[in-house]
Structure formats: structure tokens, C-alpha cells
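Below is one structure, written out as C-alpha cells, with a few remarks after it.
The values are calculated or read from the model by the stated rules, or taken from the named source; none is laboratory data. Just so it is clear, the model here is predicted, and its values are computed rather than measured. When we count neighbours, we look across all protein chains shown, and the Cβ atoms used for this are built from the backbone with ideal geometry, even at glycine. The protein model used for the area step is the full one, side chains on, heavy atoms only, and it has no ligands, DNA or RNA in it. Shrake-Rupley method; radii C 1.70, N 1.55, O 1.52, S 1.80 Å.
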Amino acid sequence: MSIGQNQKHDSSVGHVTGQSIFIDDRGFLKNEIHAYPVGVPAAAGLLKKIDYAEALKIPGILAIYTAKDFSHNQWGTIVSEQPVLVADKIGYYSEPACIIVGENHDCIRKAKSLIRFDIEAAQPIFTVDEAIKADSYIYKATPFIRGDIDDVFKKAAHTINHVFECGGQEHFYMESQASIAYPMENGQIEIHSSSQHPTETQHVVAEALGLSQHQVVCVVKRMGGGFGGKESQAAPFAAMAALAAQKLNRACRIALTKDDDMMMTGKRHPFKNWIDIAFDHDGKILGLKATLYANGGAYADLSSSILERAMFHVDSAYYIPSCHIEGFVVRTNMHSNTAFRGFGGPQGAMAMESIIEEMARLLKKDAYDIRRMNCYGKQDRNVTPYGQKLENNLLPEIFDQLVQDSDYKKRLHEIEIFNAKKNGKVKGISFTPTKFGISFTARFLNQANAQVNIHKDGTIQVSTGATEMGQGVNTKIQQIVAHTFSIPADMVQVMTTSTEKNHNTSPTAASAGADLNGAAAFKACENLKKRILWLFQNIIDQTTMNDVDECPPLILDQLRENEFSWSNQMITHTPSKTQLSWSDLVIKCYFNRISLGEYAHFKTEGLGFDKKTGQGTPFKYFTNGVAVSEVCIDEFTGECKVERVDILMELGRLINPGIDYGQVTGAFVQGMGWVTTENLFYSDKGQLLSHSPTTYKIPNIQDTPRIFNVQFNENDLNIENVKRSKAVGEPPFLLGISVWTAIKHAIGHRAKEGRSIELTSPATAERILMELSRHD
């Protein structure tokens, strides 16, 4: 049985031996050339002229292209408004404005230094507050409204008005944006891209070059990380390489340096949220007023959907009887911010977790008790602000299990004793949940297709629209297919993703890659099984069947599928106890001219959210989890150490426990980095200054928790998903918030009574020290 086992990642050996091939590892073709974008040195204004005459004189430089060289210079996943290259109006500092094409990187570097921009500067907008003042908006969402919120606030025993701010985050994937374009016969282009969305890359390249979509093929073998940063923003860089390939009829590659990648591409959206909460003396939440502002940057990108997911998750895991939740995306002169693991969910949930800490301080209660009291229920108190009912809700159980397994109450008491000694260190502990909705909130994206081909030796090739970026989606699909036919996983090969095999695909995002593509592959396998078993049934029923006879066409209502069992490459007809091996049955199918290939299309049923009313069912189900984090802060330096983390995830029936464990720990650490050390610094002109590993600090091995416990609440209740599994990619990211709330809890031990803790995210050592100093 392949499902539920620790099947190794299909690229694990290649990764550790250095044999895995990424875009820039591909061998150079004869006459292959390089392309590289050059960004503008201003955040706002008009680009009047680009002077590249001297740059063209550098030996090895073949061409310099600008916006006018594209057939179509605009792109955008939701709104087509972003230029591939700046034509006139500048959106942000380092926005690509021209492409240098040369024989090698050395000549391109020399040419880059000779390019001059004539810019008519304008006053830029950088922050949410500046954008609000300037009435600069990209999108305004329909509010979620429940109950008479004004009346609730008038009658409530307690109310808190809270402002919460969180910063952006760099994706910091190991492989920067990279593509290679190959000119093919009849004007076609084959583009190999480090992209989470081959279909969008195909379409953007076709449109930019003036081609039809059937003239472009996008191929994605793997990515060296993505995290959302290659969902939309890989496409324009692919178009740049493709333009040079088309113009010069030579293969062309583009591979950004880490510095340029960080300066040119979007980040996680910074948010500023105004949160007002009403509650009673016990801490029971009565009402919520939330106004969320996302800094979308210069262009729309995916910001509207990201804002809406933040609104969907501002409840975190708590039932809110009355609410008014609204949201806005502001337009600024920052990079066009984009998808990032969690897709707005963390920015919404973190605001709620922050205000619960304030509630606990005001009521002088343990924040856990307030969280547990307000947790969504099983039979009642289980409908979200947008009208979706939580089915098979295990949040109460996992709350109770982890608070016991982690010795939370005992450790809280020990921390209070420790902090009373005032020895220069202060500790904090916090318990936070995640209730993450699974599905694309744009319903049409919840579809996938798969092609499953069985070869005569019994081995199988599977093609889907899923893209592998290290998360193990190919391995999970491999296991689903192997399990369906009861064969070893190594007899199944998941093939390179290509738009000529799987078309009109959705991005590998929203934690739904294995859900959608695994379900499509499983559907194809089930159809194949029916044809294979029909042959076996006819062999049983027609004992005189010989080489002259041939199996008749499948008649579904005559198939007795329940008479057959599959186990260890053997198929058994139970009533007659007749057995055939997998390989024998496959060969018999071939000689009976039964198709051993199957294409299947899958769509997620039961989804429907009305944006006009702000009500409906945007998610198929929710992935739930809880975490307890304990931190220790040096009161003289602000340095924070994460001493222990306990995580309990509810992931249904696990397909691959090892891969899921890696996803949980990796997501948590990435979330922890967002709320602690990952700080983006900009100059007063809007230029990103922290654009390398030397100036931007992601967590390293020394930052990980000293004690790190992860366990799963395995169950088979999630009948909504393939093999009763649950998605895992994004939900654990939100558990990293528990580190930030633990820091807030620690500072609370030194804060003056009655004063709120004004801690923003990330809680860097400097910010922690400043907040501690404020309470001296």
C-alpha cells in the first residue's frame, strides 16, 4: 500500500547529489544568447527617454529592446494593467524598462552601466497611510456583515480599538526567476520556465509576441522554490527571453541574480488593519469591526483575491456573532506585491490574534482560555462571517489535546515564576490556531486535468498541470496512482509539466496542487480500472474466449466491479478465486485493443461565493492546526530565542507523512521568520536596500526551536478530498504567528498595567527592545 507511507520525494536523490536540473543548469545550445532586464532608478514619474547608444557599442551586445518592441506590452492575472517593460509611467523603483541581449554576462554588465534614463520625477506614494490620504486605491471589497454591529458595541461590557501592522516578506526562493526560450519551426516558441503557472506563462508570452496560444508551449520540470512568487510574476521574465528568441531566432535565457530578483519582484503584502472588538467580562467575543488595508504596490496583480482571503481569515478560528468586515487594496509606488504562502490569510488572522492578547491583558486572563472559549463549535457556533458552515470541525478536540500534550498550563505557571525573578531575561508562551480554507476563491480555478498512460510492461506515466517546487506534489500523485492499481510507487513516473500535454491548467497554489491534480489523476485511473476489469470479467464469463475472440466494448451497468480485489500487483476475482497478475492483465488489454491511456478532467464541486453579497461557500473544507510557542527574550539586547514549539495538525488521512511533516515544519519556520527577523528596508526614494542574504535575514538553523514537536491528528472524516487527505502547504504557516504572540506575552510581563503593547510585525530585536524600553 502506497498511501500513508513515507515514499521518498521523487527528486530527493537528485537534489542531494546535485543532479537535479533547474533552468540555468540546462546545457547551452550553439548560438544561445542571454537577456537581462534593466530597472529604472526612480519610484514614480514619467520615463521620457532611454539612451542606450553607447551600450550598443559594447562588443557582444546584440540588441536592446524596449516596450515598443513587444506586440502587446501589458499583462496581469486579474487586470491586464502592468507593463512588461515601462513605456512611460513608472510604477516602482527598479521596474524593468529595457532588455539587454548579449553573447555573455560580462558584456551585458558593461552595457548596463552605460544606459541612461531621462525621467520626469513625480512624488511617490509608499505607505498605506499615504495612499489613503491620496485616495489611491486598486480595489474595494464587498463587506461581510452579520447582525447589528453598532448595537452590539453600544451594549458590550468591554470594547478595544486596535491598530495592527505587519510588513511584507521576500519569497527568497533558492532559484531566482529564470526562463529559456527556444525558437521552433513555423514561428513557434518553446519556453522552459521556473513557473508555478505554466498556462499563464504560455498565454503572456503568446500575447506579448503577437502569437496565438497554440504557437507557444511552456515546460516546467521543477522550480528551486516558489512560495507564490512564481505564480504570476514568472510570466513577464519569460516574455523577455521569448522576445529576444523571436527577434534573433536564437535560443535565449534569462536568469536573474538574487539582488535583482529581490529588487524587481513583488513581496508578501504589508497590511495595516483597524480592528475593534466587543466582548463580555468572561472574554466571549460579541462583535468585530475590521477594516483591512493591503499595500498592493504599483499594479493589481493578485491583490484583490489576497485581500479577500485576508477578510475570510480575520476570524482566525473564532466564532463572531456580529461583524462588519471590510477591506481595501491601496496603490503605491512599491513593487507589485503578489502571492505568498498563506495568500493574505496570515495578515488577517494575525490581527485577530493580536487583539486577543490585548483582551487577555485587560481582563487579566490567560489568552488561551479566551481562545478556547471563542473557538468554533461542532454543532453550533460554527458558521463563518461569510456564511459557510464548518463541517466535521475538530478544532475543539485539537485545542484540548495540544494544551494537555504540551503541558501548556504547567509551563505558563513556570514562566510566571521565572519572569518574577527579573534576571535580565523574560519569557513568553502563546497558543494560536489555524483554520485555513482550501480552494481557490476564484471558483473557475478549481479544476485540473491529468493524462495516465499504462505501458505494456505495466509501468505508468502520469502527466498533470501540477508544478513541482520541492513541496512533493509529484510524489503524492505518484502514490495515489500506485495505490489505485496496487503496484509499487517506483512503477509510476510523474512526467515534466507541459502545456501541450495539460492545457488550461490552474497555478500550483492555494495549497490545492495535490488536491486538484491528484483527484484528476485518480479519476483517470478509476476509468482505466473499469476497462481493465471489464476484460477480466469477460475472461471469467467467457471461458471459451480465445485469440480469435475479442473483448466487447465496456457496458458500465454490467460491470461487477465489487467482485474484484487488488493487492500486491495481483487482481483477484473473489467468487471464482481466479487471479491474474497486473502485468498479464495489462498485456491482455493491449491484445484486446483496450485503451491503456486515459485523460480525465476534475472540478471541485459545491463551491459558490457571491461577491456582491459577501456570502457563500468559497472553500471545499478547512485544514486546522494549533501550536504552542515559548520564547525567551534578552531584555538588554532584544534578542529573541524560540525555545520550544509544539504543533498539532489535523490533516485527515495522510498520503505521505514524511512530506507532510516537512511541509508543516518548513511552513512554520517560514512564518516565524516573517514575524521576527525578515524586515524589508527601503531608502527614502523607494529603493529596496535589503536585497541580498547579507541584509535580509531569513531564519537559519540556529533560529529554529530548540525543542520542536510535531504530531498529527489523523482521521478519515474528510470525504471531500482525494483519499480523504487534507492540504498542508499553507495552513501551518499561520502557526508561526504564535511566536509573535509569545513575544507580545513576554513583553506584557514588563508592560505597565493599563498600557497596550504597540508591537508591529516583524518583531525584530530592535523593535522588541524599543517596546520594552517604552514600558521602563
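Evaluate segment 197-206: report whether one residue or more is at positive phi and either open to solvent by 10 Å² or more (accessible area, probe 1.4 Å) or not hydrophobic (A, V, I, L, M, F, W, C) (or both). Give the derivation first.
Narrowing segment 197-206 to residues at positive phi: none.
Looking through segment 197-206, none of the residues is at positive phi and either open to solvent by 10 Å² or more (accessible area, probe 1.4 Å) or not hydrophobic (A, V, I, L, M, F, W, C) (or both).
Do any residues in segment 599-611 that are closer than 22 Å to E500 by Cβ have Cβ atoms under 7 Å from those of residues that are basic (K, R) and open to solvent by 50 Å² or more (accessible area, probe 1.4 Å), where the two are at least six apart or on different chains, and which pairs are they?
Final answer for the pair search is A600/K523; F602/K523.
For segment 754-774, check the following and say yes or no: at least one residue is within 24 Å of the chain's Cα centre (by Cα), farther than 22 Å from F431 by Cα and either surrounded by fewer than 18 Cβ atoms within 10 Å (Cβ to Cβ) or outside the structural domain of L363 (by TED's automatic domain parsing) (or both).
The answer is no; no qualifying residue exists.
Criterion first (within 16 Å of S12 (Cβ to Cβ) and either of a type outside the set (F, W, Y) or not assigned by TED's automatic domain parsing to the domain that holds G228 (or both)) does G470 satisfy it?
Details: within 16 Å of S12 (Cβ to Cβ): yes; either of a type outside the set (F, W, Y) or not assigned by TED's automatic domain parsing to the domain that holds G228 (or both): yes.
Spelling it out, G470 is indeed within 16 Å of S12 (Cβ to Cβ) and either of a type outside the set (F, W, Y) or not assigned by TED's automatic domain parsing to the domain that holds G228 (or both).
Would you say C551 is in contact with a helix residue (DSSP H, G or I) (Cβ under 7 Å, 6 or more places away or on another chain), over 28 Å from Q447 (Cβ atoms) and either open to solvent by less than 60 Å² (accessible area, probe 1.4 Å) or modelled with pLDDT of 95 or more (or both)? Before you say what the answer is, go through the steps one by one.
Numbers: in contact with a helix residue (DSSP H, G or I) (Cβ under 7 Å, 6 or more places away or on another chain): yes; over 28 Å from Q447 (Cβ atoms): yes; either open to solvent by less than 60 Å² (accessible area, probe 1.4 Å) or modelled with pLDDT of 95 or more (or both): yes.
In short, yes.
I'd like to check something: does segment 291-301 contain any residue that is within 25 Å of F712 (Cα to Cα) and open to solvent by 20 Å² or more (accessible area, probe 1.4 Å)?
Of the residues in segment 291-301, the ones within 25 Å of F712 (Cα to Cα) are none.
No, segment 291-301 has no match at all.
Consider segment 23-66. How many of its residues are open to solvent by less than 50 Å² (accessible area, probe 1.4 Å) and either within 18 Å of R222 (Cα to Cα) or not assigned by TED's automatic domain parsing to the domain that holds Q246 (or both)? Talk me through it step by step, then tell me what you get.
Of all residues in segment 23-66, those open to solvent by less than 50 Å² (accessible area, probe 1.4 Å) come to 23, 32-40, 42-45, 47, 50, 55, 58, 60-61, 63-66.
Retained after the next criterion (residues that are either within 18 Å of R222 (Cα to Cα) or not assigned by TED's automatic domain parsing to the domain that holds Q246 (or both)): 23.
So the count comes out to 1.
List the helices (runs of 4 or more DSSP H) inside segment 347-447, counting only whole elements, that have at least 3 residues being of a type in the set (S, T, Y) and not assigned by TED's automatic domain parsing to the domain that holds A763. Please lay out each step first, then the result.
Numbers: elements: 367-374, 395-405, 408-420.
Per the criteria, no element qualifies.
Go through (1) within 20 Å of N656 (Cβ to Cβ); (2) more than 32 Å from the chain's Cα centre (by Cα) and name the single condition H483 misses.
All conditions pass for H483, except number (2).
Give segment 449-473 a look and list any residue that's open to solvent by 10 Å² or more (accessible area, probe 1.4 Å) and outside any strand (DSSP E or B), or say none.
H455, K456, D457, T459, M469, G470, Q471
Please state which one of G736, G754, G729, G748 is at pLDDT below 95 and out of contact with any His (no Cβ under 6 Å at 6 or more places or on another chain). Before you say what the answer is, go through the steps one by one.
Details: G736 fails: at pLDDT below 95; G729 fails: at pLDDT below 95; G748 fails: at pLDDT below 95.
Only one candidate qualifies: G754.
Take the conditions among the hydroxyl-bearing types (S, T, Y), farther than 28 Å from L533 by Cβ, in contact (Cβ under 8 Å) with a residue 12 or more places away in the chain and buried (at least 16 other Cβ atoms within 10 Å of the Cβ) and apply them to S439. Does it pass?
yes
Condition check: in contact (Cβ under 8 Å) with a residue 60 or more places away in the chain, out of contact with any Pro (no Cβ under 7 Å at 6 or more places or on another chain) and open to solvent by 20 Å² or more (accessible area, probe 1.4 Å). Does K697 satisfy that? Don't jump to the end; show me each part of the working.
Details: in contact (Cβ under 8 Å) with a residue 60 or more places away in the chain: no; out of contact with any Pro (no Cβ under 7 Å at 6 or more places or on another chain): yes; open to solvent by 20 Å² or more (accessible area, probe 1.4 Å): yes.
So K697 fails the test.
When you check F712 against the structure, is it at negative phi, open to solvent by 10 Å² or more (accessible area, probe 1.4 Å) and touching a helix residue (DSSP H, G or I) at 6+ places or on another chain (Cβ under 9 Å), yes or no? Steps first, answer last, please.
Numbers: at negative phi: yes; open to solvent by 10 Å² or more (accessible area, probe 1.4 Å): yes; touching a helix residue (DSSP H, G or I) at 6+ places or on another chain (Cβ under 9 Å): yes.
The answer is yes for F712.
Given the residues E170, E207, E190, which is the only one that is among the acidic types (D, E), more than 28 Å from N333 (Cβ to Cβ) and in contact with a Phe, Trp or Tyr (Cβ under 8 Å, 6 or more places away or on another chain)? So that I can check it myself, show each step before the final result.
Details: E170 fails: more than 28 Å from N333 (Cβ to Cβ); E207 fails: more than 28 Å from N333 (Cβ to Cβ).
Every option except E190 fails the conditions.
Here is a yes/no grid of residues against (1) among the small types (G, A, S); (2) in contact (Cβ under 8 Å) with a residue 40 or more places away in the chain; (3) more than 30 Å from R755 (Cβ to Cβ):
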residue	(1), (2), (3)
K154	no, no, no
V163	no, yes, no
Y173	no, yes, yes
E207	no, yes, yes
R222	no, yes, yes
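Given Y386, Y319, Y368, which one is hydroxyl-bearing (S, T, Y) and open to solvent by 20 Å² or more (accessible area, probe 1.4 Å)?
Y319
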